[in-house]
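The values are calculated or read from the model by the stated rules, or taken from the named source; none is laboratory data. All values derive from a computational prediction rather than experimental measurement. Positions of Cβ are generated from backbone atoms using ideal geometry, with glycine treated the same way; all protein chains shown enter the neighbour counts. Side chains are part of the model used for accessible areas, which takes the heavy atoms of the whole protein and leaves out ligands, DNA and RNA. Shrake-Rupley method; radii C 1.70, N 1.55, O 1.52, S 1.80 Å.
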Amino acid sequence: MPKAVKDLLQPDVLEDKSTSVNVGKGGVNVDAGKGKPGGGTHVNVGGKGVGVNTGKPDKRTSVGVGKGGVSVSTGHKGKPVYVGVSPFNYVYAANENQLHDDPNTALFFLEKDLHPGMKMNLHFTQTSNGATFLSRQAAKSTPFSSDKLPEIFNQFSVKPGSVEAEIMQNTIKECEDPGIKGEQKYCATSLESMIDFSTSKLGKSVQAISTEVKKGTKMQTYTIAAGVKQMAADKSVVCHKQNYPYAVFYCHATQTTRAYIVPLEGVDGTKAKAAAVCHTDTSAWNPKHLAFQVLKVKPGTVPICHFLPEDHIVWVPNKKTGE
């Protein structure tokens, strides 16, 4: 099971089984058929149900900032890490702070470099707050919009004007802004809603993959090892974890992507299986997007790829079913 999914699940078991998620060797396989009535999502991990509910029925879910909530990381000698728009949102231009302070800068590369023996300087990161999914019911009853910011800040005990408030406001704004041409975007605030969006774009049988690093890592040189695997079809739904008091994913679907699983070996012996997504049409991206500035290329000229941080997820059609 992709660690990125498992880490987001609460231990409560859901009884409804309209959508079954069976975990096999290939990752998470989702069959969103008619199933049984109830409209829930059932997740099986090693034969045991792992639910996505938080709290007991009819009781409001509480998510505290500072306990799996919004966090503000600091870098070397206490220097604040870049806080701003996601580098995986292609509408925005990168500013100088992002170019120098965002560790995700190193994750972008050209598809022509995706071959064994290629060396890359990489730093795989996670959002540091450990926020988990709310149930669909709890997510629907929790406000998530710019016009509800005062209520949201009050609910999560966040001081307006603070860095935490800025992070939350940025996340909501990115979710509300329109996507680029050819992109279908959606912000998932529950596992059920993420599965629904992914299966609506890819078919009822899909697989989830994510980056998995064997141990804690740092910026270092990785070498691409033998065994690069391209996933089925040239379409995917890529979901990027946002920094928020509970798990929120910025998901986007396009017909111009190729997904790969890439084995990597670090100079310190760290081994990783990294999920990578290559965008074959970047003509609609902001010309000043981070990727163009880092790779020194222009929109629409060459396929641009990026590895995914450990807590981001790629949904692809299940090859076995041909869907």
If I go through segment 290-302 residue by residue, how many of them are open to solvent by 40 Å² or more (accessible area, probe 1.4 Å) and under 23 Å from Pro178 (Cα atoms)? 4
Using the structure shown, decide if Phe197 is of a type in the set (Phe, Trp, Tyr), on the phi < 0 side of the Ramachandran plot, crowded, with 17+ Cβ neighbours inside 10 Å and free of Cβ contacts under 8 Å to residues at least 60 places away in the same chain. yes
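Which one is most open to solvent (accessible area, probe 1.4 Å), of the residues in segment 214-238 that are in contact with a helix residue (DSSP H, G or I) (Cβ under 9 Å, 6 or more places away or on another chain) and over 15 Å from Cys305 (Cα atoms)? Walk me through how you get there before you give the answer.
In the first step, residues of segment 214-238 are kept if they are in contact with a helix residue (DSSP H, G or I) (Cβ under 9 Å, 6 or more places away or on another chain); the result is 219, 224, 233, 235-237.
If we keep only those that are over 15 Å from Cys305 (Cα atoms) as well, we get 219, 233.
Details: Met219: 100, Ala233: 50 Å².
Result: Met219.
If you take just the strands (runs of 3 or more DSSP E) that sit entirely in segment 247-289, which of them hold at least 2 residues that are touching a residue at least 12 places away in the same chain (Cβ under 8 Å), under 12 Å from Leu308 (Cβ atoms) and open to solvent by 10 Å² or more (accessible area, probe 1.4 Å)? Reasoning before the result, please.
Numbers: elements: 249-254, 257-266, 271-279.
In segment 247-289, 257-266 are the strands (runs of 3 or more DSSP E) which contain 2 or more residues that are touching a residue at least 12 places away in the same chain (Cβ under 8 Å), under 12 Å from Leu308 (Cβ atoms) and open to solvent by 10 Å² or more (accessible area, probe 1.4 Å).
Tell me whether segment 158-169 contains one or more residues that are touching a Leu at 6+ places or on another chain (Cβ under 7 Å), open to solvent by 80 Å² or more (accessible area, probe 1.4 Å) and either free of Cβ contacts under 8 Å to residues at least 24 places away in the same chain or over 21 Å from Ala275 (Cα atoms) (or both). Step through it out loud before you land on a result.
To start, the set of residues in segment 158-169 that are touching a Leu at 6+ places or on another chain (Cβ under 7 Å) comprises 169.
Okay, now just the ones that are also open to solvent by 80 Å² or more (accessible area, probe 1.4 Å), so 169.
If we keep only those that are either free of Cβ contacts under 8 Å to residues at least 24 places away in the same chain or over 21 Å from Ala275 (Cα atoms) (or both) too, we end up with 169.
Yes: segment 158-169 contains one or more residues that are touching a Leu at 6+ places or on another chain (Cβ under 7 Å), open to solvent by 80 Å² or more (accessible area, probe 1.4 Å) and either free of Cβ contacts under 8 Å to residues at least 24 places away in the same chain or over 21 Å from Ala275 (Cα atoms) (or both).
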